[in-house]
Amino acid sequence: MGTKKHRPEEVVAKLRQVDVLVSQGQSVADAIRAIGVTEVTYYRWRKKFGGPKSDQVRRMKELETENQRLRKAIAAIADLTLDKLILQEAAPGKLLSPARRRACIEHVRTALTVSERRACRALGQHRSTQRKVPRGRDDEAALTADLIELARRYGRYGYRKIAALLRAAGWLVNDKRVEWLWRQEGLKVPARQPKKGRLWDGDGSCVRLRPEHRDHVWSYDSVEARTHDGRKVRLLNVIDEFTRECLAIRVARKLKAPDVIDVLSDLFILRGVPAHVRSDNGPEFIAQSMQKWITAVGAKTAYITPGSPWENGYIESFNARLWDELLNGEIFYSLREAQILIESWRRHYNGVRPHASLGYRPPAPEVFVPALTAWPAALARPAPPAKLPVVERPMVH
């Protein structure tokens, strides 16, 4: 049988019983045998519980319990205070990725001298995730090199257009992986443009002419730039609204109605006469000779409301891309240089540049390319995975 474990109150009661028996004339040994314990146990109890009475022992037990509770409360407060210090020392904002938490935990351990376990618990990182060394894919270095080269070459493209170019070159990647690498390299993701409202009549009907097929509605507009010597350069841009293809860009010092007729006549002979030709109310577009000529060849004019460029949104969007990707970053030293570079950009826009509204495909992809050049990043690695090289475009000075 096991030894019975006595509670403190029972021990004090037995000790008092021995005291009473001794006071009545019994020996200490007889009194100890009367309470059913050995002399060793009795003197051990006497040493521990000989002083206080039962109520005092009860009070001591209550105080001990209270002290334990207070110690737990103090420890909890200390933990909360340490958690607050860790969160304050951590990076501002949400730590959404394990990599960011991993770097933040290392910083917290260095700054506050806390254990890895404590920092991981405060920041919600599993210790196995903290200790795991991230390892990328085997082709990650080559893919990153091509991504950086494309981002350097096409500085105004976002990661979606870069992903489309990578897929066209043979990479089997989706937009999410390209976006992750894009952010890892610290590249800037262009902000999403707000959607523009449509033009509606009071009765709810849309008055904007919508293109329904190829060569249904063409749009043209003029853009003004300058060469290095400060002289004006006029650009006449013509696009097909349905396919988004840029049909022509005439670059000259001056553009009048006969110049517009000359450009349109070449396009009408090459592609046929469109159903409608949309433009603003510029003097070269509303000239009577211009209107009579368009009517004579079988097309219809579609002029926008004066002061309402949003009604000609396709060509205005094209003009914005032209300024953003070429004109804002290029210095033309002569008219001939402007003609060559702008025509080269037009061919790149039609055949290579991914268009978001077309599912990140170019408006008129090139099938046969006479001369193909590889990216510098692709030449540096021994076995490039790309199967379809990207067509070279002129560099922006």
Counting only protein heavy atoms and rolling a 1.4 Å probe, one gets per residue an accessible area for region 139-185 in Å² of 44
If I compute solvent accessible area with a 1.4 Å probe over the protein chains, what percent of it on region 55-131 is carbon and sulfur? 57
Taking the Cβ of residue 119 as the centre, find all other residues whose Cβ is under 12 Å away and add up their charges (Lys, Arg: +1; Asp, Glu: -1). +3
Taking a probe of 1.4 angstrom, what is the accessible area of residue 20 in Å², to the nearest 10? 80
Residues of region 217-358: accessible area per residue with a 1.4 Å probe, Å²: 44
With all protein chains present, region 217-358 has a carbon and sulfur share of its accessible area (1.4 Å probe) in percent of 54
Greater than 20 Å apart at Cα, pairs in 5/61; 132/176; 232/292; 48/72; 254/292; 161/188: 132/176; 232/292; 48/72; 254/292
Candidate residues 303, 220: accessible-area rank, largest first, probe 1.4 Å: 303, 220
Rounded, prolate or oblate: which one fits region 139-185, using the alpha carbon gyration tensor with axes a ≥ b ≥ c (rounded when a/c is under 1.5, else prolate when a/b beats b/c, else oblate)? rounded
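The values are calculated or read from the model by the stated rules, or taken from the named source; none is laboratory data. No experiment lies behind these values; they were computed from the predicted model shown. Cβ sites come from the backbone with ideal geometry, for glycine too, and all protein chains shown count toward neighbours. Areas reflect the complete protein model, heavy atoms only, side chains present, ligands, DNA and RNA absent. Shrake-Rupley method; radii C 1.70, N 1.55, O 1.52, S 1.80 Å.
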